[in-house]
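Novice: Input: one structure, supplied below.
The values are calculated or read from the model by the stated rules, or taken from the named source; none is laboratory data. Here the structure is a predicted model, which is why all the values come from computation and not from measurement. Methodologically, a virtual Cβ is constructed for each residue, glycine included, from the backbone with ideal geometry; neighbour enumeration extends over all protein chains shown. Note: areas computed on protein heavy atoms with side chains; ligands, DNA, RNA excluded. Shrake-Rupley method; radii C 1.70, N 1.55, O 1.52, S 1.80 Å.
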2 protein chains.
Amino acid sequence: MAKPAPLLQGTLDLIVLELLRSEPTNGYDLAQRIQAVSRDVLQVNAGSLYPALYRLEERGLVKAAWKETDTGRRAKVYSLTAAGRKALESQRAEWARFAGALSHILKRA
Amino acid sequence: MAKPAPLLQGTLDLIVLELLRSEPTNGYDLAQRIQAVSRDVLQVNAGSLYPALYRLEERGLVKAAWKETDTGRRAKVYSLTAAGRKALESQRAEWARFAGALSHILKRA
DNA sequence: GATCACTAGGTTGTCTAGTTATATAGACGG
DNA sequence: CCGTCTATATAACTAGACAACCTAGTGATC
């Protein structure tokens, strides 16, 4: 297994917002999902994820609610706010622009 | 004109290596090229570029040589070393992996 | 010949955000 | 009762990008 790429700074928010859009969940699960859905290419460690979630919450892009999991554990479930959905759209667009420009540079082989 | 996206941390090296591969040049010109070839999507700050060039030189990925431009100005012309070409290949691959994974996440709309 | 714009290289200080390491605590299996 | 998994959290460190400067030479314009 190739070692997971370090997350490019700035992309974690986008990933988190996107995953929360498709389904609200907690931090721990989010980390698992990121790894799973990227087929182990991406990996986020807890020390990056939790602070990122706080930042998003402070900015009003996500909201948190303590809930019980089906196994009886407490978990802080995050979901997108309206502002979060908006931010997701603009971050998606920004990523598309950036990735497009970079791959254009790389393709002029 | 949309304002240029901030460079994602870690991608500047890749861009620089790629542009130097296709043609050795100096820092100032490099900055212009990045903007031009990305159609103004990408833009590098001098305060980012010069330190980046030093780092690349320290790591032995590029080498510098003072030359005179055709207009009689001194300029530090950077070119890729063999190690630089190797590093470029692996950074291209890493970018492809990362961008692929991320766009995969975003496409499961 | 003063002023301005452009080429060219550089530094400093600040801030964001990701990494590693560590801690806590409840649940569950053996 | 011990280890492992779930789950959250924080502190210390670090890389690298940014804004805001500075120097100096060239060439045009007024």
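Novice: Taking R0 as 45 Å, what's the FRET efficiency between B:ALA75 and A:SER48 from their Cβ-Cβ distance, rounded to 0.05?
Specialist: 0.65
Novice: So what is log10(I(q)/I(0)) for the protein assembly as shown at q = 0.13, 0.17 1/Å, when the Debye sum runs over its Cα atoms only?
Specialist: Treating every Cα as an identical point scatterer, log10 I(q)/I(0) equals -0.81, -1.17.
Novice: Once both axes come from the Cα atoms, what is the angle between helix A:11-22 and the longest principal axis of chain A, in degrees from 0 to 90, rounded to 10?
Specialist: Its long axis makes an angle of about 50 degrees.
Novice: Between copies, how close do the A:LYS63 label points come, placed 7 Å along Cα→Cβ, listed in nm from shortest?
Specialist: Spacings between copies for this position, smallest first, are 6.2 nm.
Novice: Now a separate question. Any idea how far apart B:ARG92 and A:GLU23 come out in nm if each label point goes 7 Å out from Cα toward Cβ?
Specialist: If labels sit at B:ARG92 and A:GLU23, their model points lie 3.8 nm apart.
Novice: For the range B:11-107, report the translational diffusion coefficient in µm²/s to the nearest whole number, using Stokes-Einstein at 20 °C, 1.002 mPa s, and a Kirkwood Rh over Cα pairs.
Specialist: 150 µm²/s
Novice: Rg to Rh ratio, the range A:1-59, alpha-carbon atoms and Kirkwood radius?
Specialist: When Rh is taken as the Kirkwood radius, the ratio is 0.94.
Novice: Which value, in Å² and to the nearest 10, is the accessible area of A:LYS63 when all protein chains are kept and the probe is 1.4 Å?
Specialist: 110 Å²
Novice: Can you count the Lys pairs in the range A:11-107 with C-alpha separation below 30 Å, eight or more apart or on different chains?
Specialist: The number of close lysine pairs in the range A:11-107 is 5.
Novice: Using only alpha carbon pairs under 8 Å that are at least six residues apart, calculate the relative contact order of chain A and give it in whole percent.
Specialist: 28 percent
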